[in-house]
Every structure is written in structure tokens, then in C-alpha cells.
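Visitor: Can you keep this structure in mind? I'll have questions shortly.
Bear in mind these aren't lab numbers, they're just calculated from the coordinates by the rules spelled out. Every value quoted in this text rests on a predicted model; they were computed, and no experiment measured them. Cβ: placed from backbone, ideal geometry, glycine included. Neighbour counts: every protein chain shown.
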Amino acid sequence: MRYFGKDTWIYLDGEFVKAEQATIDLFGQSLHYGYAALDGIRAYNTHNGTRLFKAEQHYDRLRRSCELVGISFPWNTSQLVDRTYALLEKNNLRSAYIRPLVVTGHNMYLMPAEDAHLAISAWEWGPFLGTELIRLTLSPYQRPNPQSLPPAAKIAGQYVASIVATNEASQRGFDEALLLDSEGYVAQASSNNLFIEKDGVLYTPGTGHIFPGITRQTVLEIAAAFGIEVVEKKITPAELREADTAFLTGTATGIAGVASVDDVRYPAEWTDTLSATIQRAYKNLTLEKENYEVII
Ligand code: PMP
């Protein structure tokens, strides 16, 4: 995957600079300790032009992530949304993934550095990943304990655990790792939230141990608009295995149907499920199509 070339611009500390010329502080606290906050936003090439999906919510979440761990965030959400559109235009991107990253300055002590720097980069991202159903495995790794770091904070250092779990799942031949929480309930995938469907009802783990994704919230809104019942509850590994089908949600992924968990293959035909209806509606919502049920 190529993230930038010689003509790529990034937005750094209030200015547009060439990605190749941007430098990183080797003595920065973020590099040494993972003390940085990030987010991920999608831009879709809609019939109304290039549109960021829920950009304000993503920048508000970035601010909140910083607040939760003591990183200063002196930026204004609507200005950042505006700058992000300008960045897309400068890079001639229509369908993109946008990565805002807040890093702190040099400080080798375990106290917040005084300065914070914001970089926004963007790269081409196709409208949706393939429609292939994914194969999950229950990971031997757990979600981080919510008492060690606030689960709603998207902090760089936490992703070491996600990388380790994804790598372990991949080495065993699976597409994605599904992690239990510290109480033994099913929490989420390494960077996606989980829904299961059983007898016409959707279930998803409640907040507490999970990262409360914006896509997950959007699914709750779509389900409410469609009159589909969703129950937020603790999900046991047995309930996961006995579901009719399941799906993962995330900004980069969108909504991805699940084929199987370890050796259990879900019995429902994906296209016949309520989950597939939600998947279609999500696509139509992000692409600003009027008719929710149009299949793209
Ligand atoms: N969980 C984790 C750990 C994530 O990093 C993400 C992606 N930000 C998600 C869930 C999904 O969140 P969202 O729908 O806001 O992208």
C-alpha cells in the first residue's frame, strides 16, 4: 500500500506541507511511549461530490481522546473539517481515508509534554472493501482492561495489542481476531465492533470494554429507522457460536459480514439476513443515496 508520493500534501500544524518534507522528532514522547491520539475518517465520492462522513463527530472524538489522557487540543472542529476538505482537494482525492494524528513534543519524562502537534494525512481508499465474508477467530489476547486506559480514547499505544492479536490470527490463517474482554465476554475485533444476529434480533456488546465506534452508532441509528431490534448486552462465546450470522463495523471496513468463527460456519445465507439489509443501508447512507434499499 502506497500512502504518499512526491506530490502528496499533508496538513501539519496549520499549514499544508509536502509529505516527503515533513519531519518527525526522534525525541518525541509519542514515538517513545505511544502517547499520541488518532482517528480515522472516510471521504466518499457521492453524487453530491466528495463528502466526509460524520467528520465533526470524528474530530470531536479526537478532542475527547486527547482530553482523556491529558494531551492538549487547541483546535476547532469546524476549522479542521474545512481544512480536511481542502487537503482532499489539494491531493485530488475523492474516495479517501483520512488520518488525523496528534503527537506531543520531546519529553522523556512520564508527564504530558506541553506542546501538541496535529498532522492530517489522506490517501486513496476505494468506496468499499470486497463483499467477501470474513473468517474470524477467537483470539488468545484480550481487550485492554478499561481500568488501565479509558476504552473510548483512541490512543496510539493501545494499538500494539491490536497488532499482536491481528498478527496471531493471521498466522493461524484467519482474516481477523475477535477479542474477549477481561470478564470473558466477547468484546470486539482488533479494530472493528461486532454485531451478531439471532432470530431476527441484533445483539452487540454494550459500552464499557469496547471502543464505541461511530459506525456502530450509525448501525444503531439505521436499525432504529428500519424498526430492527438491537439489544446491547454482554455476549458469551456460546452465543457468538450459536448466532445466525454476524458482522463487523468500522470506518475503514464499513460493514463486513462474517462467514465463520473458528470452525463454526454461520448457517444463514448472508443476503437474506437483516445484517445484509443494514450493510446496504450503510452504503447508501455514506454514498448519500436517497433510497436505502438500492443495492450498489
Ligand atoms: N474498535 C477499535 C479498536 C478501532 O480502532 C475502531 C476504528 N476506529 C473501531 C472499533 C471502529 O470505530 P469507528 O466505527 O468509529 O471507525
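Visitor: Only one of A161, A122, A152, A177 is touching a helix residue (DSSP H, G or I) at 6+ places or on another chain (Cβ under 6 Å) and within 13 Å of the ligand (Cβ to nearest atom). Can you tell me which? Reasoning before the result, please.
Guide: Values: A161 fails: touching a helix residue (DSSP H, G or I) at 6+ places or on another chain (Cβ under 6 Å); A122 fails: within 13 Å of the ligand (Cβ to nearest atom); A152 fails: touching a helix residue (DSSP H, G or I) at 6+ places or on another chain (Cβ under 6 Å).
Selected residue: A177, the only one of A161, A122, A152, A177 that is touching a helix residue (DSSP H, G or I) at 6+ places or on another chain (Cβ under 6 Å) and within 13 Å of the ligand (Cβ to nearest atom).
Visitor: Let me ask something else about it. From the list A55, A36, pick out the single residue that is under 13 Å from A122 (Cβ atoms) and within 16 Å of the ligand (Cβ to nearest atom).
Guide: Numbers: A36 fails: under 13 Å from A122 (Cβ atoms).
Exactly one residue qualifies, and that residue is A55.
Visitor: Here's a follow-up. Checking L133 against (1) away from the ligand (no atom under 16 Å from the Cβ); (2) farther than 30 Å from S95 by Cβ, only one condition comes out false. Which one?
Guide: (2)
Visitor: A further question follows. Working only within the stretch 76-93, note down all residues that are touching a residue at least 40 places away in the same chain (Cβ under 8 Å) and either assigned to a helix (DSSP H, G or I) or touching a Pro at 6+ places or on another chain (Cβ under 6 Å) (or both).
Guide: Pass one, the stretch 76-93, residues touching a residue at least 40 places away in the same chain (Cβ under 8 Å): 80, 83-84, 86-88, 90-91, 93.
Residues satisfying the conditions are L80, R83, T84, A86, L87, L88, K90.
Visitor: Anything in the stretch 32-75 that is without any contact (Cβ under 8 Å) to a residue 24 or more places away in the chain and under 21 Å from G105 (Cα atoms)? List them, or say none. Please lay out each step first, then the result.
Guide: Keep residues of the stretch 32-75 that are without any contact (Cβ under 8 Å) to a residue 24 or more places away in the chain, which gives 49, 60, 63, 67.
Within the stretch 32-75, R63, E67 meet the criteria.
Visitor: Given the criteria farther than 15 Å from S121 by Cα, out of contact with any Leu (no Cβ under 7 Å at 6 or more places or on another chain) and not in a strand (DSSP E or B), does D25 qualify? Explain how you work it out, then say what you get.
Guide: Details: farther than 15 Å from S121 by Cα: yes; out of contact with any Leu (no Cβ under 7 Å at 6 or more places or on another chain): yes; not in a strand (DSSP E or B): yes.
The answer is yes for D25.
Visitor: While we're looking at this one, here's another question. Can you name every residue in the stretch 206-216 that is within 11 Å of the ligand (Cβ to nearest atom) and either part of a strand (DSSP E or B) or under 20 Å from L274 (Cβ atoms) (or both)?
Guide: G213, T215, R216, listed by residue number.
Visitor: In the stretch 233-279, what count of residues is obtained for those that are surrounded by fewer than 20 Cβ atoms within 10 Å (Cβ to Cβ) and away from the ligand (no atom under 16 Å from the Cβ)?
Guide: Residues flagged as surrounded by fewer than 20 Cβ atoms within 10 Å (Cβ to Cβ) and away from the ligand (no atom under 16 Å from the Cβ) within the stretch 233-279 amount to 22.
Visitor: Here are V186, V230, V201, V219: which of them is in contact (Cβ under 8 Å) with a residue 12 or more places away in the chain, buried (at least 22 other Cβ atoms within 10 Å of the Cβ) and away from the ligand (no atom under 13 Å from the Cβ)?
Guide: Only one candidate passes the filter, namely V186.
Visitor: May I pose another question? Looking only at the stretch 258-284, which residues are assigned to a helix (DSSP H, G or I), over 21 Å from the mean Cα position of the chain (by Cα) and free of Cβ contacts under 8 Å to residues at least 40 places away in the same chain?
Guide: Hits for the stretch 258-284 are T271, D272.
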